[in-house]
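Asker: Below: one structure in structure tokens.
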């Protein structure tokens with residue numbers, strides 16, 4: 001079983017649009033949306049939810065004001081400025097609490113409870129391109145990396161059960177915790193970049209990350225005709241960093257139109273659909 | 001006034017708005033690039049680097065000559081950053097949040113906290129704009145400690161613009177805490193709308209006043225406009241979809257200095273924010 005993870009470093013380069021098209025072209029893959037922070041793939045693939053689970057991860061401190069003596073030790077020990085002093089005592093700001101438990105352990109009157117934290121939900125669904133695992137992180141919640149791992153683990157199980165040979169993962173932007181959770185152990189990473197100075201800069205950092213975790217990287221350049229010269233430079237940079245360039249996608253105003261119609265680009269007559277088909281052929285050979 | 005520029009979806013124009021607003025304002029201000037995983041503001045400014053400072057977090061170091069292998073530190077750690085097998089425990093720096101709890105609970109006082117590099121803050125200057133860029137080292141997973149360190153620079157000027165990372169989770173929450181006003185930038189597409197709704201839920205949860213900027217007007221449909229009208233969210237600026245903008249952006253050029261008409265457009269944003277902020281405070 002192979003796992004292809006689509007990432008970009010920079011946001012908004014077209015990861016989700018290209019992932020949706022690849023899912024359509026691959027036919028019977030299992031799809032995992034690991035951009036649990038701002039998931040969009042469901043807008044195109046319109047999953048029919050079969051199973052819905054709550055996601056609990058980590059803990060949250062809560063001060064019992066009836067027992068609190070306002071000694072202030074918790075505020076002094078907290079490294080995350082999560083203990084807020086208010087008229088009449090202290091309370092925990094859940095947006096800043098990282099759930100380390102220091103305040104709970106050292107409160108001299110045991111006035112702080114340590115409760116399981118609800119961080120979001122995840123779903124197993126059917127789509128026109130195969131099974132899909134996706135998730136929704138709670139508002140301003142933590143532990144996105146753990147939710148990503150949960151989504152991937154379930155996608156792997158479904159692939160094993162159904163005999164699917166490929167898992168396609170729509171990854172998050174950046175290079176931090178949810179990206180690391182998305183790429184570790186994957187067979188291939190597809191980096192979608194664009195010919196802008198930001199796209200080039202961010203691709204280099206993502207390539208460093210994939211080398212750090214020793215995952216072979218494929219690169220495609222979206223909206224390549226926006227700056228043909230920079231496209232060539234990016235391709236040269238990617239190849240010298242050991243990545244395989246799998247193609248270019250032209251700038252195409254019809255991509256937004258496809259989104260509006262809940263269609264993958266390759267399900268429309270947009271000109272860029274041809275470019276994505278060619279890229280998919282290259283990826284299939286690489287996998 | 002501290003103004004954060006954020007968005008649920010990536011690539012909607014956070015950095016473009018931050019940089020061009022900063023250049024158009026015409027008085028001294030501080031710009032913080034809080035997208036510490038992929039900082040880009042610097043690419044659009046002709047700047048001189050002034051200084052660089054290394055940012056560290058604290059991680060435990062266990063003195064094997066004192067440790068008796070009791071395992072209390074590993075039992076206490078909520079992040080699985082310490083593993084004990086009855087001998088001197090192993091420390092996994094990349095899992096450590098730096099809470100300091102292990103050092104406090106060790107009955108033998110065998111743990112001291114030592115510095116662990118996570119990245120650097122680089123300071124640049126151009127005209128009125130002082131830019132502090134936070135950048136985590138590749139392989140470091142946690143952005144919030146870098147963002148918290150970067151935000152200590154907020155005290156140096158009266159006006160601060162924070163270029164936030166994309167999304168709605170901990171790095172964004174770390175960026176938005178203690179700001180006065182949030183500008184959410186989006187684009188008029190289904191993805192843009194979906195992620196705007198998530199971002200609005202986040203800023204409402206944080207109790208912050210906010211307005212919306214719609215970028216690339218013309219690419220999609222009118223659902224973002226309708227949503228803002230229904231939710232009574234002020235739209236502070238609309239930027240038309242313009243190939244000249246996309247090309248200048250691709251080359252790393254600011255719009256205010258390179259595309260005619262844009263200095264005036266970006267100069268108009270701060271007065272609108274001040275107006276909205278005043279209204280919110282009443």
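Asker: Can we say residue B:272 is in contact (Cβ under 8 Å) with a residue 24 or more places away in the chain and surrounded by fewer than 17 Cβ atoms within 10 Å (Cβ to Cβ)?
Answerer: Criteria met by residue B:272.
Asker: Hey, another quick one. Name the single residue that is farthest from the other protein chains (Cβ to nearest Cβ) among those in region A:42-58 being under 17 Å from residue A:152 (Cα atoms) and touching a helix residue (DSSP H, G or I) at 6+ places or on another chain (Cβ under 6 Å).
Answerer: A:55
Asker: Among A:150, A:132, which is under 19 Å from the mean Cα position of the chain (by Cα) and within 22 Å of residue B:172 (Cβ to Cβ)?
Answerer: Among A:150, A:132, only A:150 is under 19 Å from the mean Cα position of the chain (by Cα) and within 22 Å of residue B:172 (Cβ to Cβ).
Asker: Can you confirm whether region B:248-264 contains a residue that is within 30 Å of residue B:47 (Cβ to Cβ), part of a helix (DSSP H, G or I), under 22 Å from the mean Cα position of the chain (by Cα) and in contact (Cβ under 8 Å) with a residue 40 or more places away in the chain?
Answerer: yes
Asker: I'd like to know if region B:232-241 contains one or more residues that are surrounded by 14 or more Cβ atoms within 10 Å (Cβ to Cβ), facing another protein chain (nearest Cβ under 10 Å), touching a residue at least 40 places away in the same chain (Cβ under 8 Å) and closer than 25 Å to residue A:252 by Cβ.
Answerer: no
Asker: Check every one of the strands (runs of 3 or more DSSP E) wholly within region B:31-150 and list those with 3 or more residues that are farther than 27 Å from residue B:20 by Cβ and away from every other protein chain (no Cβ under 14 Å).
Answerer: Hits in region B:31-150: B:48-62, B:111-126.
Asker: In addition: Those residues that are within 13 Å of another protein chain (Cβ to nearest Cβ), in a helix (DSSP H, G or I) and either touching a strand residue (DSSP E or B) at 6+ places or on another chain (Cβ under 6 Å) or free of Cβ contacts under 8 Å to residues at least 24 places away in the same chain (or both), I need them from region A:19-41; list them, please.
Answerer: A:19, A:41
Asker: With the condition kept exactly as written, say whether any residue in region A:79-89 is outside any helix (DSSP H, G or I) and touching a residue at least 40 places away in the same chain (Cβ under 8 Å). Before you say what the answer is, go through the steps one by one.
Answerer: To start, the set of residues in region A:79-89 that are outside any helix (DSSP H, G or I) comprises A:79-89.
Add one more test, that the residue is touching a residue at least 40 places away in the same chain (Cβ under 8 Å), and what stays is none.
No, region A:79-89 has no match at all.
Asker: Would a scan of region B:175-188 turn up a residue that is part of a loop (DSSP other than H, G, I, E, B), at pLDDT 95 or above and within 12 Å of chain A (Cβ to nearest Cβ)?
Answerer: Taking region B:175-188 as the starting set, the residues that turn out to be part of a loop (DSSP other than H, G, I, E, B) are B:177-180, B:187-188.
When the remaining residues are screened for being at pLDDT 95 or above, the result is B:179-180, B:187-188.
Narrowing further to those that are within 12 Å of chain A (Cβ to nearest Cβ): B:187-188.
Yes, because at least one residue in region B:175-188 is part of a loop (DSSP other than H, G, I, E, B), at pLDDT 95 or above and within 12 Å of chain A (Cβ to nearest Cβ).
Asker: Can I ask one more? Of all the strands (runs of 3 or more DSSP E) wholly in region A:94-207, which have at least 3 residues that are within 11 Å of another protein chain (Cβ to nearest Cβ) and in contact with a helix residue (DSSP H, G or I) (Cβ under 9 Å, 6 or more places away or on another chain)?
Answerer: Of the strands (runs of 3 or more DSSP E) lying wholly inside region A:94-207, those with at least 3 residues that are within 11 Å of another protein chain (Cβ to nearest Cβ) and in contact with a helix residue (DSSP H, G or I) (Cβ under 9 Å, 6 or more places away or on another chain) span A:112-127.
Asker: Exactly one condition in (1) in a strand (DSSP E or B); (2) closer than 24 Å to residue A:182 by Cβ; (3) free of Cβ contacts under 8 Å to residues at least 60 places away in the same chain is false for residue A:61; which is it?
Answerer: So the condition that residue A:61 fails would be (2).
Asker: For region B:129-149, what are the residues that are at pLDDT 95 or above and surrounded by fewer than 17 Cβ atoms within 10 Å (Cβ to Cβ)?
Answerer: Selection gives B:137 alone.
Asker: Sticking with this one: Being touching a strand residue (DSSP E or B) at 6+ places or on another chain (Cβ under 7 Å), away from chain B (no Cβ under 13 Å) and surrounded by fewer than 19 Cβ atoms within 10 Å (Cβ to Cβ) is the requirement here; does residue A:85 meet it?
Answerer: For residue A:85, the condition - touching a strand residue (DSSP E or B) at 6+ places or on another chain (Cβ under 7 Å), away from chain B (no Cβ under 13 Å) and surrounded by fewer than 19 Cβ atoms within 10 Å (Cβ to Cβ) - is not met.
Asker: Do we find that residue A:215 is surrounded by fewer than 24 Cβ atoms within 10 Å (Cβ to Cβ), away from chain B (no Cβ under 12 Å) and either within 19 Å of the chain's Cα centre (by Cα) or within 15 Å of residue A:10 (Cβ to Cβ) (or both) in this structure?
Answerer: yes
Asker: Residue by residue through region A:251-269, note down the ones that are assigned to a helix (DSSP H, G or I) and either surrounded by 21 or more Cβ atoms within 10 Å (Cβ to Cβ) or within 13 Å of chain B (Cβ to nearest Cβ) (or both).
Answerer: A:254, A:255, A:256, A:257, A:258, A:259, A:260, A:265, A:266
Asker: From (1) touching a strand residue (DSSP E or B) at 6+ places or on another chain (Cβ under 8 Å); (2) within 14 Å of another protein chain (Cβ to nearest Cβ), pick out the condition that doesn't hold for residue B:222.
Answerer: (1)
Asker: Quick one: count up the residues across region B:200-226 that are part of a helix (DSSP H, G or I) and either modelled with pLDDT under 95 or buried (at least 17 other Cβ atoms within 10 Å of the Cβ) (or both). Reasoning before the result, please.
Answerer: Residues of region B:200-226 that are part of a helix (DSSP H, G or I), as a first pass: B:200-206, B:223-226.
Keeping just the survivors that are either modelled with pLDDT under 95 or buried (at least 17 other Cβ atoms within 10 Å of the Cβ) (or both) gives B:200, B:202-203, B:205-206, B:224.
Number of matching residues: 6.
The values are calculated or read from the model by the stated rules, or taken from the named source; none is laboratory data. None of the values given here were measured: they were computed from a predicted structure. Methodologically, a virtual Cβ is constructed for each residue, glycine included, from the backbone with ideal geometry; neighbour enumeration extends over all protein chains shown.
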